[in-house]
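Visitor: Before I ask anything, let me first share the structure, which is written out below as structure tokens.
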Amino acid sequence: MTGEHEQIVLHARDVEFDFSKLPMHWIPGQPQATHSINVLHLALPEGERWFVEVFKQAVPLIRDERLKEDVLGFIGQEAMHAEAHDGAAGHLESAGVSVRPYLSQMEWMFRRLLGDRRGSSREWLIERLALIAAIEHYTAFLGQWVLDAKELDAAHADPTMLDLLRWHGAEEVEHRSVAYDLFCHLDGRYVRRVRSMLVVTPVLAWVFVRGTRFLMKNDPTRPGRASWRGYLRASRRGLLPGPRGLLHEIRPYFRKSYHPTETGNTDQAVAYLASSPAAQAADAPR
């Protein structure tokens, strides 16, 4: 349970970001790295709204009050994440990138393929919770990565976008145990956990590869095609997570003794949230 590992009260921060001055390539001179991260703005809103709906269905089944509190905090944070990334996707659209075709694919995946089914059962609910727990393993990894990625600062990445990514990343680290703890509370079968990770990993890879190619192709500045070589160059510069780090992060999830607190630094996440311009503004008395 989360409470057995860390005593953090999760709460949603009503953040706002002004993208009016955001350049198309907010990592200067790095269109592919920029658009690889921009995929988050297209994929996450639908995914996080799906998280929220699935978790709401699970709330009545929770028999532990501390876990229920964590789940409600998670729901609030994920709803805000979806809204913030929607704003960034809207900025891409207004800047001349037609994002609707890709958004439609995300809507189909989360609303139709993974949505409620006629006569949806407890088993289908738990199956989706297991998928969310696996996805949250990766979002915690990405959250910690962006908190650590000083190379983005050195590359003069746009500060508003960095704050969005690091605010989101810090909250992912804050609540990284909740989906896993909820799955374990209601089921927790090891085979299901492993199967879910084996499903989630290639799907997430497809989402990012396809999304990067889509954004590069539809970028009105015509920066060229996305390539594996371009990804490796960006990852070597520390502008994207590298393949070695991603592969290293998969292994712990298959240990029977695994718990999400092994990934990420809570103190670092809390410290960033205390200094984030957007989070500070959201928490300020009004």
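The values are calculated or read from the model by the stated rules, or taken from the named source; none is laboratory data. Given the structure is predicted, the values throughout are model-derived calculations rather than measurements. Every residue, glycine as well, gets a Cβ built from its backbone with ideal geometry; the counts of neighbours run over all protein chains shown. These area figures cover heavy atoms from the full protein model, side chains too; ligands, DNA and RNA do not enter into them. Shrake-Rupley method; radii C 1.70, N 1.55, O 1.52, S 1.80 Å.
Visitor: What is the one condition in (1) polar (S, T, N, Q); (2) within 23 Å of L232 (Cα to Cα); (3) open to solvent by less than 20 Å² (accessible area, probe 1.4 Å) that Q77 does not satisfy?
Guide: For Q77, the exception is condition (2).
Visitor: What are the residues in the range 142-152 that are open to solvent by less than 20 Å² (accessible area, probe 1.4 Å) and part of a helix (DSSP H, G or I), if any?
Guide: Within the range 142-152, G143, V146, L147, L152 meet the criteria.
Visitor: Could I ask something else about it? Taking the range 233-282 on its own, how many of its residues are assigned to a helix (DSSP H, G or I), touching a residue at least 12 places away in the same chain (Cβ under 8 Å), open to solvent by less than 80 Å² (accessible area, probe 1.4 Å) and closer than 30 Å to D18 by Cα?
Guide: 11
Visitor: Moving on to the next point. Does the range 57-71 hold any residues that are touching a helix residue (DSSP H, G or I) at 6+ places or on another chain (Cβ under 8 Å), under 13 Å from V9 (Cα atoms) and either among the β-branched types (V, I, T) or in contact (Cβ under 8 Å) with a residue 40 or more places away in the chain (or both), and which are they?
Guide: The answer is R66, L67, D70, V71.
Visitor: May I ask you to list the residues in the range 189-226 that are open to solvent by less than 30 Å² (accessible area, probe 1.4 Å) and either within 30 Å of P60 (Cβ to Cβ) or under 17 Å from the mean Cα position of the chain (by Cα) (or both)?
Guide: Answer for the range 189-226, where residues must be open to solvent by less than 30 Å² (accessible area, probe 1.4 Å) and either within 30 Å of P60 (Cβ to Cβ) or under 17 Å from the mean Cα position of the chain (by Cα) (or both): R192, R193, V194, S196, M197, V200, V207, G211, T212.
Visitor: Follow-up question, since we're still on this one. Can you pull out every residue in the range 105-141 that is assigned to a helix (DSSP H, G or I) and open to solvent by 50 Å² or more (accessible area, probe 1.4 Å)?
Guide: Listed by number, the residues that qualify are Q105, W108, R111, R112, L113, R122, E123.
Here is a yes/no grid of residues against (1) open to solvent by 60 Å² or more (accessible area, probe 1.4 Å); (2) modelled with pLDDT under 95; (3) among the aliphatic types (A, V, I, L, M):
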| residue | (1), (2), (3) |
| --- | --- |
| G3 | no, yes, no |
| V15 | no, no, yes |
| R49 | yes, no, no |
| V52 | no, no, yes |
| K56 | yes, no, no |
| L61 | no, no, yes |
| E65 | yes, no, no |
| V71 | no, no, yes |
| E83 | yes, no, no |
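Visitor: Checking the conditions here, which among V71, V54, V9 is of a type in the set (V, I, T) and not in a helix (DSSP H, G or I)?
Guide: Going through V71, V54, V9 in turn, the sole match is V9.
Visitor: Taking into account only those residues within the range 85-99 that are over 14 Å from L44 (Cβ atoms) and open to solvent by 20 Å² or more (accessible area, probe 1.4 Å), which is nearest to the chain's Cα centre (by Cα)?
Guide: Among them, the one singled out is H91.
Visitor: When you scan the range 165-185, do you find a residue that is outside any helix (DSSP H, G or I) and surrounded by fewer than 22 Cβ atoms within 10 Å (Cβ to Cβ), even just one?
Guide: no
Visitor: Go through the range 153-164 and report how many residues are buried (at least 16 other Cβ atoms within 10 Å of the Cβ) and over 16 Å from E78 (Cβ atoms).
Guide: The total comes to 7.
Visitor: Still on this structure, I have one more. Looking at H35, H91, H81 in this structure, which one is over 30 Å from E127 (Cα atoms), assigned to a helix (DSSP H, G or I) and touching an Asp or Glu at 6+ places or on another chain (Cβ under 8 Å)?
Guide: H35
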